Amino acid sequence: MVFAPTRQAASETFIRANLAGLPFRIQAWFGDERPLVQPLRCLYGSAILLSKLLTRLHLLRLAGLPAAWVAWLLIRLDPPDVVLAEFGFEAVRVMEACRWSGVPLVVHFRGSDASARNRIGLLEERYRRLLRLAGGVIVKSERMACRLEELGAERQRIQISPSGANPALFHGSQPCQSPPLFLAVGRFVAKKGPLLTLRAFQLCLQRADVSPLPQLWMVGEGPLLAEARRFVVQHQLQNNVVFAGVCSQEQVAARMRLVRAFVQHSIVAPDGDSEGSPVAVMEAQLSGLPVIATRHAGIPDVVVDGATGLLVEEGDVDAMAQAMLTLLAEPMLAQQLGEAGQRRALQHFTVEHHLRDVTKLLLRVSSSARALS
């Protein structure tokens, strides 16, 4: 049984991948679904809505009860071998239901739920209880694992598993044959650093000695998009920066086959929000693109500096601009980095690797629970 906040958001492709790829019969419940024609789904979605309201009122213990009661009912009606909760904040809402019913719980942390102060700070005590109750914990990077250990997670219960990319979609890039195009994919939010990516590209453009001049394609939307558009207008970059909006995975994969390199200036956001292991970075490496990014969160686990891409420090837009200039001037280096990244991604960072990791953990937790019962 899976409890998750949503399956609709374009950014939640990993939840849909888990549901489609895990080799189990899965009953999935989503906090943003309240269809009147399906009373149980409506009940669970309404309970999550009430839990959110109580959380905003800082009634944290009370906030865990509405969803827990409904989750307990759902578990009783169709008893699972194990419950998988997507995101830590969803897990705290259903953890008591698992305790009441004796069903083991596995929690899948993704990024902001294990880093942002409005999550960790507000829910710290609830997280400490969650990590005592959980039979297994899935995280995206070593750094995230260490953070949850600080909150009480036992190391032997932690599985580090980046979400991975789909090799059936992401393949075929030839950076050495591509024009001077850079691609950025991600929501326009602080931790993705879209404004820093733009500043680095502006410096690159000022220093570039190539014809035609490079372009930057930016895929995604979010609260910082309006500011990014203003930056482009203020610095007269309209001919060099393309805002492509939200694209499907197929459209992103097609764009990756047209560009020289992938760029992403991830940072720790002012509220502490941090990446896990960005899926778009893995998709770019799997496509055969070199990645220019920052030494942030799980990115160095995926991108090997100087071997599969070029990494810079958070906030160092000058170094990122120089990395862009390097790959503009040396297309064969871009090709070599991309090919090495593709080989490494195929060995470690596909969806199949992630599904295998999650499957093994779920089976282990379920088997341990049966042995103890």
Candidate lysines for bridging to K192, where Cα separation is under 26 Å - those fewer than 8 sequence places away on the same chain excluded: K52, K140
At a 1.4 Å probe radius, carbon and sulfur cover how many percent of the accessible area of the chain? 53
Site Q336, offset 7 angstrom along Cα→Cβ, radius 17 Å on amide nitrogen, limited to the stretch 290-308, gives 290-292, 304-308
For the chain, what does -39500 (n - 2.57) per DSSP helix run (n ≥ 4), summed and divided by total residues, give at 222 nm, in deg cm²/dmol to the nearest 500? -15500 deg cm²/dmol
To make sure I understand the rule: partners must be aspartates and glutamates, Cα under 17 Å from the Cα of K191, and not fewer than 8 residues away in the same chain. Which ones qualify? E12, D113, E221, E227, D271, D273, E275, E313, E314, D316
Across the stretch 223-324, how large is the tail of the calculated P(r) beyond 24 Å, expressed as a percent of all Cα pairs? 27
Direction-averaged shadow area of the convex hull around the Cα atoms of the stretch 163-253, nm²? 6.8
Round to the nearest 10 and report in Å² the accessible area of R229, as given by a 1.4 Å probe over the protein chains' heavy atoms. 120
Grab the Cα-Cα distance for D32 and W69, subtract it from 0.36 nm times how many residues apart they are, and report the gain in nm with one decimal. 11.6 nm
Treating the angle as unsigned and between 0 and 90°, give the value, to the nearest 10°, between the Cα long axis of helix 60-77 and the longest Cα principal axis of the chain. 70
Kindly report, to the nearest 10 Å², the accessible surface of L346 as traced by a 1.4 Å probe over protein heavy atoms only. 90
Want the number for D305 to R257: 0.36 nm per residue separation, take away the alpha-carbon distance, what's left? 15.1 nm
How large is the dipole of the stretch 1-90 about the Cα centre if only Lys and Arg carry +1 and Asp and Glu carry -1, each at its Cβ, rounded to the nearest 20 debye? 200
Answer in debye to the nearest 20: the dipole magnitude of the stretch 256-332 about its Cα centre, from +1 Lys/Arg and -1 Asp/Glu charges placed on Cβ, is 400
What is the magnitude of the charge dipole of the chain about its Cα centre, with +1 placed on the Cβ of each Lys and Arg, -1 on the Cβ of each Asp and Glu, and no other charges, expressed in debye to the nearest 20? 980
Over all viewing directions the Cα convex hull of the stretch 80-198 casts an average projected area in nm² of 10.3
Between L40 and A20, Cβ-based FRET efficiency (R0 30 Å, step 0.05) works out to 0.85
For the stretch 281-326, build the convex hull from the C-alpha positions and give me its volume per residue in Å³. 64
Using a Förster distance of 22 Å, how high is the FRET efficiency between D357 and E154, based on the Cβ-Cβ distance and rounded to 0.05? 0.80
Relative to the present Cα-Cα distance, how much length would full extension add between L213 and Q177 at 0.36 nm per residue of separation? 11.4 nm
Positive-pole candidate from G315, V139, Q336, dipole of the chain, charges at beta carbon: V139
Amide H neighbours of I138 under 5 Å, at least 5 residues apart or on other chains, H built in the peptide plane: list them. V107, H108, F109, Q159
Springs between alpha-carbon atoms under 10 Å, Gaussian network over the chain: tell me which of W217, W100, W72 tops the mean-square fluctuations. W100
Percentage of interatomic Cα-Cα distances in the stretch 131-188 larger than 17 Å: 60
Per the Debye formula with a single identical scatterer at each Cα and no solvent contribution, what log10 I(q)/I(0) holds for the chain at q = 0.06, 0.08, 0.11 Å⁻¹? -0.24, -0.42, -0.77
Excluding residues fewer than 8 places away in the same chain, name every one of the aspartates and glutamates whose C-alpha is closer than 20 Å to that of K360. D81, E86, E142, E154, E352
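The values are calculated or read from the model by the stated rules, or taken from the named source; none is laboratory data. All values reported here derive from a predicted model rather than from experimental measurement. So basically every Cβ, Gly included, is an ideal-geometry build from the backbone, and we count neighbours across all protein chains shown. SASA here: full protein model, heavy atoms, side chains in, ligands and nucleic acids out. Shrake-Rupley method; radii C 1.70, N 1.55, O 1.52, S 1.80 Å.
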